[in-house]
Amino acid sequence: MIKKTVIVTTVMFLMLFTACGGMNNLWKNPGNKNNTDVSISISQSMTIRVGESGILRVTRRNTDDFTISVNPAIGSGCSKSGNNAVTCTPTAPGTYIVTVTASADTLKKASATVTVSEGTIDVPGASVNKTLLLQLVNSHRAAGRNCGSSGYFEPTTPVTWNDTIELAAYDHSLDMFINNFLGHTGSDGSSPGDRLTRRGYDWSWRGWGENAYWGPRTEAEVIAGWIDSPGHCANIMNPFWNEMGVAKVGAYWTQVFSARLF
């Protein structure tokens, strides 16, 4: 039995914009006609570290449901958990305001502050061989490559390692590991550009490119898989980039490219 690994890729240039659509469901209980006794509260504010999970308890009266909003939303990892709690598993440090609103009376609200400090969680396989990854990527860039449907790429200049980009890649690998998904949109709605910005990297000069992969065990395996896939190959060979970072958490790999004007 062969277990097939899965890879996805995305790239963003300043002249390229993508949009994703979705659907929202809104339900209101028609049985509660008198909203004068509606109330909602949320437990005291909490302080946690990046990668940890914390729970805010919600107490409500005369409202069957509630909604939440978080400011800022990106990085908070906060979501509704059942009918009486909000769970936060943040992917970035910062201060987040969580507000719950009673569905039966949207004027009834309560807020709590979630303060998130830097930190890591104990996860398997959260380190990579940076030197080897650079050698593998730059050997392909130096040789030129036919990337199939993405076209032929002439030999180009090498990329260097950037620790800030690596942190943005780590944030996404950790998010995919914790929440068991593969893709480029984070569980908090973030894009690769959002994650770079959140870590303090200015990608505005030439944009960014991201490859994601679930399954490989080694640096050689992950680069071999990406270089044989047209879209991923195009990211690796793109002459726009001059910096790269790669991170692995569990079996989830993220590779991010961008460029700065030196």
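The values are calculated or read from the model by the stated rules, or taken from the named source; none is laboratory data. As the structure is a prediction and not an experimental result, all values here were calculated from the model. In this analysis, Cβ positions are derived from the backbone assuming ideal geometry, glycine residues included, and neighbour counts consider all displayed protein chains. What goes into the accessible areas is simple: the full protein's heavy atoms, side chains included, and nothing from ligands, DNA or RNA. Shrake-Rupley method; radii C 1.70, N 1.55, O 1.52, S 1.80 Å.
Points worth noting:
- Hits among aspartates and glutamates - C-alpha to C-alpha of residue 109 under 18 Å, sequence gap 8 or more where chains match: 37, 64, 65
- The label point for residue 55 and the one for residue 67, both projected 7 Å from the Cα toward the Cβ, are 2.5 nm apart.
- Solvent-accessible surface (1.4 angstrom probe) belonging to residue 109, in square angstrom, nearest 10: 130 Å²
- Simple spin-label estimate for residue 204 and residue 129 gives 3.9 nm between the two label positions (7 Å along the Cα-to-Cβ direction from each Cα).
- Of the solvent-accessible surface of the range 128-262, computed with a 1.4 Å probe and all protein chains present, 54% belongs to carbon and sulfur.
- A 1.4 Å probe run over the protein chains yields, for the range 95-196, 46 Å² of accessible area per residue, whole-number rounding.
- Percent accessible area from carbon and sulfur atoms, the range 67-107, protein chains only, probe 1.4 Å: 54 percent
- FRET efficiency, residue 37 to residue 115 (Cβ-Cβ, R0 30 Å, nearest 0.05): 0.35
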